[in-house]
Amino acid sequence: MVILQFLISLMGAVMLLLYAVRMVQTGIERAFGASFQRVITKNDNPFSSAAMGTALAMVLQSSAAVALLTAGFASVGTLSFPAGLAVVLGADFGSAIVVQLLSFRLDWLVPILLAIGGWFFVKTDKRILKQAGRILLGIAFILLSLRFLRETMDPIRDSSFLPAIAAYLESDFLTAFIIGSAVAVLMHSSVAVVLMCVTLVAIEAIPLAAGISLVLGANLGSAVIPVWLTRDMNASARRIPVANLILRGVLAVIVLFAVNTFGLVQYIAGADPQQTVVSAHLAFNALLLIFLPLTHILKTPFEQLIPTEVAPVENEENVMMISALDDAALTSPRLSFACLRREVLRMSQLVEHMMRPVMERYQDGDLDRIKATRLEDKYVNQALDGIRHYVAAMPNSDMSKVETRKVRELAEYAINLETAGDIVAKRLMQLAANKASKDIVFSEAGWEEIRNMHEKVVSNMTLAFDVLISEDVEAARLLMEEKNDMAKRERKSRKKHLKRIRHNEEVSLDSSDLHLETLRALKDLNSQIASIAYPILFRHGQLLETRLVDEIDES
């Protein structure tokens, strides 16, 4: 009975720790996620890139999350292999710093974080404050989970089986290393695993030597996660996680055997075993930074290890243009509805593909690429035509009212997506062409405002497509909050622009029409994308039918 109670308590503490780490990461992504691409891809200097990776890992509390972001940017060609690998190596060190910060005994801080974070999250409507509340609550939950973990271990510390396990792990460091790797992969969080190991060493549940071996294994396991999650991406994306895995793996094995074979634990052990484990984790990840000057040299061998796939151009285009609508599925309402949803998702991806390079076209003014983006709109139009005909052919008589309503909602969202494609092709691309032909230059402040708005639209697209698939109410609410925030951004930027004109800034005056029309187009595009949230919120009673008051008091 004691063992069962211990396992249940341990599982609860570990799950709370994982949830808390994820909660902090989600809050950061929702508050600042739109700027990550610009931050990561803004330079190619390995040391600057590593510093950026360190900062991002401290913010996201996950080096794996940074590695996935980096792989995504590399897959579309916006980040080179040397810069991407430098970012990931820096992120590894950043996650170690997070462990150091969270390893301090901060139990006194928990009530304060819960009070402030809970107030921000529950009582405020401002997006930034709400996400700040989410982050503070997540940190409080991390500290609570570590306290629960310590309390869970207390009753069994004097039992017979725990010392036996601890002694075995100390004597068989390779098994401890493998267990640490496996647990990190299963938990998908090296921060959580290392914090757990630090806590176990602190309460003397496991010896220091076993704790260091487990932590080295966790470092290897954390590098496996991005490799697994990027396995279906292109070669450019996969090279960076694989390079990180090989570098971390080789160094981890070397350090593991060096520490245990030559008995180095007695020389690195300090008065505080907990801090010794944390310091060993920091030192290992700092040691990885020696590869920074070699990132350019490593590019060639990893390109040979993972060569770029050679595929005919027409095949690549055809994959993107293949419709998900299957006439054979029309005999079944559920299958036909699934095909319809997949086609709307494909249509949304086409619009996203058009939208992402808009700021690049504003900068380079490449008329050939502008024309190519405009031509992509025909595929969006074809997708809408296909959806219309498919909806008309669906067996409505065999559908329930709920299914009929959802079909109608998907068809309406497809119309909004087609409008969004028109905004990109006929408004934003036209504005980009005008900017190039007239050699218009934005003011530095004005360009920053437009670029930030574009980043938010791209981020909201990802959120909208998640809502399309999941129909999650919380995500739909967040999307509506982002829509309102976009309107505020547009008004704020417009006021700032007019203020610059009043101060006789010549650059702002010359670019005035272009600036204001771009703001309006981005706001309209975001509104079309966010429309997927309306029916979901309305069904759950979280959306009013009108903003008008019921009656006007004329007395």
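The values are calculated or read from the model by the stated rules, or taken from the named source; none is laboratory data. Note that the coordinates shown come from a computational prediction; the quantities given were computed from them, not determined experimentally. Note that we place each Cβ from the backbone using ideal geometry, even for glycine, and neighbour counts take in every protein chain shown.
Taking the options 501, 423, 469, name whichever one is surrounded by fewer than 19 Cβ atoms within 10 Å (Cβ to Cβ) and farther than 30 Å from residue 124 by Cβ.
Answer to the check: 501.
Being free of Cβ contacts under 8 Å to residues at least 40 places away in the same chain, in the same structural domain as residue 84 (by TED's automatic domain parsing) and hydrophobic (A, V, I, L, M, F, W, C), is that true of even one residue in region 197-215?
Checked region 197-215: no residue is free of Cβ contacts under 8 Å to residues at least 40 places away in the same chain, in the same structural domain as residue 84 (by TED's automatic domain parsing) and hydrophobic (A, V, I, L, M, F, W, C).
Right, residue 398: in the same structural domain as residue 522 (by TED's automatic domain parsing), out of contact with any Leu (no Cβ under 7 Å at 6 or more places or on another chain), surrounded by fewer than 16 Cβ atoms within 10 Å (Cβ to Cβ) and farther than 20 Å from residue 468 by Cβ or not?
yes
Would you point out which residue out of 426, 435 is in the same structural domain as residue 361 (by TED's automatic domain parsing), basic (Lys, Arg) and over 13 Å from residue 373 (Cβ atoms)?
Every option except 435 fails the conditions.
In region 320-343, how many are over 20 Å from residue 409 (Cα atoms) and either among the acidic types (Asp, Glu) or not assigned by TED's automatic domain parsing to the domain that holds residue 390 (or both)?
1
Considering only region 112-129, state which residues are without any contact (Cβ under 8 Å) to a residue 24 or more places away in the chain and part of a helix (DSSP H, G or I).
Matches in region 112-129: 112, 115, 116, 117, 118, 119, 120, 121, 122, 123, 129.
Is it the case that some residue within region 171-193 is β-branched (Val, Ile, Thr), at pLDDT 75 or above, surrounded by 24 or more Cβ atoms within 10 Å (Cβ to Cβ) and part of a helix (DSSP H, G or I)?
Checked against the condition, which is being β-branched (Val, Ile, Thr), at pLDDT 75 or above, surrounded by 24 or more Cβ atoms within 10 Å (Cβ to Cβ) and part of a helix (DSSP H, G or I), region 171-193 yields at least one hit.
So residue 426 clears everything in (1) touching a residue at least 60 places away in the same chain (Cβ under 8 Å); (2) within 27 Å of residue 322 (Cβ to Cβ) except one condition, right? Which one?
Looking at each condition in turn, residue 426 falls short on (1).
Among (1) surrounded by 13 or more Cβ atoms within 10 Å (Cβ to Cβ); (2) modelled with pLDDT of 85 or more; (3) more than 29 Å from residue 515 (Cβ to Cβ), which single condition is residue 389 missing?
Just one mismatch for residue 389, condition (1).
Just to be sure before I move on: is residue 522 out of contact with any Leu (no Cβ under 7 Å at 6 or more places or on another chain), under 29 Å from residue 367 (Cβ atoms) and not charged (D, E, K, R) in the structure I sent? Don't jump to the end; show me each part of the working.
On the way: out of contact with any Leu (no Cβ under 7 Å at 6 or more places or on another chain): yes; under 29 Å from residue 367 (Cβ atoms): yes; not charged (D, E, K, R): yes.
For residue 522, the condition - out of contact with any Leu (no Cβ under 7 Å at 6 or more places or on another chain), under 29 Å from residue 367 (Cβ atoms) and not charged (D, E, K, R) - is met.
From the set of residues in region 98-108 that are closer than 24 Å to residue 57 by Cβ and exposed (fewer than 14 other Cβ atoms within 10 Å of the Cβ), which is modelled with the lowest pLDDT?
Per the stated criteria, the residue is 105.
This table checks each residue for (1) surrounded by 21 or more Cβ atoms within 10 Å (Cβ to Cβ); (2) modelled with pLDDT of 90 or more; (3) not basic (Lys, Arg).
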position	(1), (2), (3)
246	no, yes, yes
252	yes, yes, yes
262	no, no, yes
266	no, no, yes
276	no, no, yes
283	no, yes, yes
297	no, yes, yes
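Take region 230-246 and flag every residue that is closer than 16 Å to residue 64 by Cβ, among the charged types (D, E, K, R) and in a helix (DSSP H, G or I).
Selection gives 238 alone.
Being under 21 Å from residue 338 (Cβ atoms) and touching a Lys or Arg at 6+ places or on another chain (Cβ under 9 Å) is the filter here, so list the residues in region 455-470 that pass it.
Correct list: 468, 469.
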